[in-house]
1. Tell me which strands (runs of 3 or more DSSP E) are completely within the range 55-140 and hold 2 or more residues being open to solvent by 10 Å² or more (accessible area, probe 1.4 Å), or say none if there are none.
2. Cβ-Cβ distance below 9 Å, separation of 6 or more or different chains: which pairs start in the range 177-203 with a residue that is more than 15 Å from LEU247 (Cα to Cα) and end on one that is of a type in the set (Asp, Glu) and buried (at least 21 other Cβ atoms within 10 Å of the Cβ)?
3. Look at GLY290 and say whether it is assigned to a loop (DSSP other than H, G, I, E, B) and touching a strand residue (DSSP E or B) at 6+ places or on another chain (Cβ under 6 Å).
4. For the range 333-342, does any single residue satisfy the condition of being crowded, with 18+ Cβ neighbours inside 10 Å and within 26 Å of VAL134 (Cα to Cα)?
5. Quick one: what pairs do we get from the range 84-111, first residue under 26 Å from ILE170 (Cα atoms) and in contact (Cβ under 8 Å) with a residue 24 or more places away in the chain, second outside any loop (DSSP other than H, G, I, E, B) and among the basic types (Lys, Arg), C-beta under 6 Å, 6+ apart or different chains?
6. Testing LEU6 on (1) open to solvent by 10 Å² or more (accessible area, probe 1.4 Å); (2) over 30 Å from PRO84 (Cβ atoms); (3) at pLDDT 95 or above, one condition comes back false. Which one is that?
7. For residues in the range 43-54 being of a type outside the set (D, E, K, R), in a helix (DSSP H, G or I) and open to solvent by 20 Å² or more (accessible area, probe 1.4 Å), which is farthest from PHE143 (Cα to Cα)?
8. If you go through the range 329-370, how many residues are closer than 30 Å to THR3 by Cβ and in contact (Cβ under 8 Å) with a residue 40 or more places away in the chain?
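The values are calculated or read from the model by the stated rules, or taken from the named source; none is laboratory data. Remember, it's a predicted structure, so these values are computed and weren't measured experimentally. Positions of Cβ are generated from backbone atoms using ideal geometry, with glycine treated the same way; all protein chains shown enter the neighbour counts. Just so you know, the surface numbers come from the protein's heavy atoms only, side chains and all, with ligands and any DNA or RNA stripped out. Shrake-Rupley method; radii C 1.70, N 1.55, O 1.52, S 1.80 Å.
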Amino acid sequence: MATHKLLLLPGDGIGPEVMGEVQRLIDWINAQGIAKFETEQGLVGGSAYDAHKVSISEGDMDKAKAADAIIFGAVGGPKWDSVPYEVRPEAGLLRLRKDLGLFANLRPAVCYPALAEASSLKREAVEGLDIMIVRELTGGVYFGEPKTITDLGNGQKRAIDTQVYDTYEIERIGRVAFDLARKRRNKVTSMEKRNVMKSGVLWNEVMTAVHAREYKDVTLEHQLADSGGMMLVKAPKQFDVIVTDNLFGDMLSDIAAMLTGSLGMLPSASLGEIDAKTKKRRSLFEPVHGSAPDIAGQSLANPIAMISSFGMALRYSFDMGALADKVDAAIAAVLASGLRTADIKSEGTTAASTTQMGEAILKELQKLHA
């Protein structure tokens with residue numbers, strides 16, 4: 001049996017608590033002989049700054065490069081608000097994405113039937129929701145140069161951020177979206193702002209060309225990103241796979257997240273290129289919620305997004321789709337039983353701590369695997 005190397009980066013705030021529930025799952029998988037995972041832990045974000053005065057050390061970057069997959073918790077908090085910009089906690093995650101070439105961010109938004117009432121939208125709008133947002137992660141305005149703040153004198157300053165995309169960056173993220181759609185409902189919606197942005201014009205042009213050249217069997221729609229945001233809260237179930245750039249993807253995926261009722265529910269994956277020789281790709285999996293320092297250490301955090309992120313690792317890094325399906329089914333069963341952490345608690349449900357939720361999901365998984 002092959003050994004899979006995992007690097008666990010719990011990070012800050014509630015990161016270590018929710019990571020503990022993933023470790024419980026990994027230990028059970030190893031003990032059952034289902035797979036063989038070898039884990040290492042490292043520091044990232046504020047915890048790395050406290051230890052090394054950087055957001056991630058060179059040693060932990062080396063571990064990240066050697067790992068088959070990285071499982072990432074959360075970073076940041078008020079404690080580090082005054083540290084230098086270049087070593088702020090979030091810089092550790094940005095470096096991992098950039099240095100590992102993790103250009104494709106996958107953000108599923110799934111509304112479990114038991115949580116349809118928790119959404120801010122009506123049940124009929126979100127019940128059965130299952131969409132995937134594919135966000136380009138290493139280009140665009142977050143990384144474009146020049147990126148400056150210039151003092152103009154007379155109390156005036158000018159800030160510049162540059163939106164930059166090359167053809168190959170759009171092509172590769174497009175292929176990820178089309179390939180995913182082929183395994184889902186075979187529909188891609190590409191979102192940009194071609195009416196006011198030159199990068200949007202190129203994005204539309206390249207997506208259209210890739211579709212015509214390689215993916216004619218997949219339905220392709222184009223939509224302006226602002227109108228797409230409106231439709232996400234009006235009629236979200238019309239979408240299957242949405243592909244968009246770094247900035248719009250950041251915003252649209254958070255909108256989609258809240259359709260499901262809680263940020264604590266949703267996982268994500270960040271994927272690199274497939275290596276031509278090994279057929280493997282570097283990957284990082286993380287919940288979309290933040291470090292939530294206000295509840296850290298109180299066992300109030302919802303571990304479902306972290307556990308689902310590990311499920312995405314099983315699916316996209318280790319070709320264990322059947323086991324990933326069982327993880328998803330175990331989560332659904334626990335929610336259907338009425339168990340809830342504080343963020344999704346409602347009248348008539350049973351309160352659970354972080355640990356209790358993790359234990360309940362593992363018990364359901366054990367039943368499904370028996």
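1. Values: elements: 69-74, 104-110, 130-136.
In the range 55-140, the matching strands (runs of 3 or more DSSP E) lie at 104-110, 130-136.
2. So the pair list comes out as VAL201/GLU192; LEU202/GLU192.
3. Details: assigned to a loop (DSSP other than H, G, I, E, B): yes; touching a strand residue (DSSP E or B) at 6+ places or on another chain (Cβ under 6 Å): yes.
Yes; evaluated as a whole, the condition is true for this residue.
4. At the first step, the residues of the range 333-342 found to be crowded, with 18+ Cβ neighbours inside 10 Å are 333-335, 339-341.
Still in the list and also within 26 Å of VAL134 (Cα to Cα): none.
Scanning the range 333-342 turns up no residue that is crowded, with 18+ Cβ neighbours inside 10 Å and within 26 Å of VAL134 (Cα to Cα).
5. LEU100/ARG282; ASN105/ARG135
6. Among (1) open to solvent by 10 Å² or more (accessible area, probe 1.4 Å); (2) over 30 Å from PRO84 (Cβ atoms); (3) at pLDDT 95 or above, LEU6 violates only (1).
7. Filtering the range 43-54 for residues of a type outside the set (D, E, K, R) gives 43-49, 51-52, 54.
From the residues that got through so far, the ones that are in a helix (DSSP H, G or I) too are 46-49, 51-52.
Adding the requirement that they be open to solvent by 20 Å² or more (accessible area, probe 1.4 Å) leaves 47, 49, 51-52.
Numbers: SER47: 25, TYR49: 22, ALA51: 27, HIS52: 25 Å.
Selected residue: ALA51.
8. Number of matching residues: 12.
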